[in-house]
């Protein structure tokens, strides 16, 4: 599947403001970036680095006035999402070192609070992929997906109390439930072709059977068209922008995902 993705952000900057952006997808096993554009107006010096999770990040200082960030990419991505019912649980002592951090509680995933709840939800399921799938089925049946209902991230505990949330909120609760069962889980932010309403999207991955698998409680069925921008322990690690100083928020945000004709 060949996709065109773009994100256009505009800010009103009151004073010189440092930013860290995370808006460049990178090539990997499930996607290949064939072309991209990154445009800042006004143009300012940019320094790129790779964070602790392998994400491409950009540091800059935005000048006072209107500041816009435009990114686009053409991406070859898989036509389907790998699924593996029955994939086994990986015992903690056998996990790769890099995956251990995704077992721990984090700012928005208080996994220590959900052990009994996760055990109840997954009762009778084979340990591993089937437990994660049961958690997603429970989320879809019990937590209302409400796009636009939350401007700030909610923790897993808060989502469970509210019984509703946006995509990142459902991902937080799903990850906390997985981690409480000693299944590594990480948040993913990016794009999804056909998402309604169109916006940046968040889902989670669980590590079972020796690899990461995609889980998304906002979608009735998994299908192709996911484009990853970043990975992290929760929303604190995968914000597409962080600014430091006087609080500024986008005055405009436009996200587009289109399918391109195969060449």
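The values are calculated or read from the model by the stated rules, or taken from the named source; none is laboratory data. All values reported here derive from a predicted model rather than from experimental measurement. For neighbour counting, all protein chains shown are included, and Cβ atoms are generated from backbone atoms with ideal geometry for every residue, glycine included.
For region 209-217, the condition of being under 21 Å from residue 153 (Cα atoms), crowded, with 24+ Cβ neighbours inside 10 Å and free of Cβ contacts under 8 Å to residues at least 60 places away in the same chain holds for none of the residues. Per the conditions (1) assigned to a helix (DSSP H, G or I); (2) under 17 Å from the mean Cα position of the chain (by Cα); (3) more than 26 Å from residue 99 (Cα to Cα), the sole criterion not satisfied by residue 141 is (2). Among the residues of region 206-225, not a single one is at pLDDT 95 or above, closer than 22 Å to residue 51 by Cβ and in a helix (DSSP H, G or I). If you check 29, 87, 98 for being free of Cβ contacts under 8 Å to residues at least 12 places away in the same chain, outside the structural domain of residue 191 (by TED's automatic domain parsing) and farther than 18 Å from residue 248 by Cα, only one passes: 29. Note on region 22-125: enclosed strands (runs of 3 or more DSSP E) holding 1 or more residues that are loosely packed, with under 13 Cβ neighbours inside 10 Å are 31-41, 47-50, 65-77.
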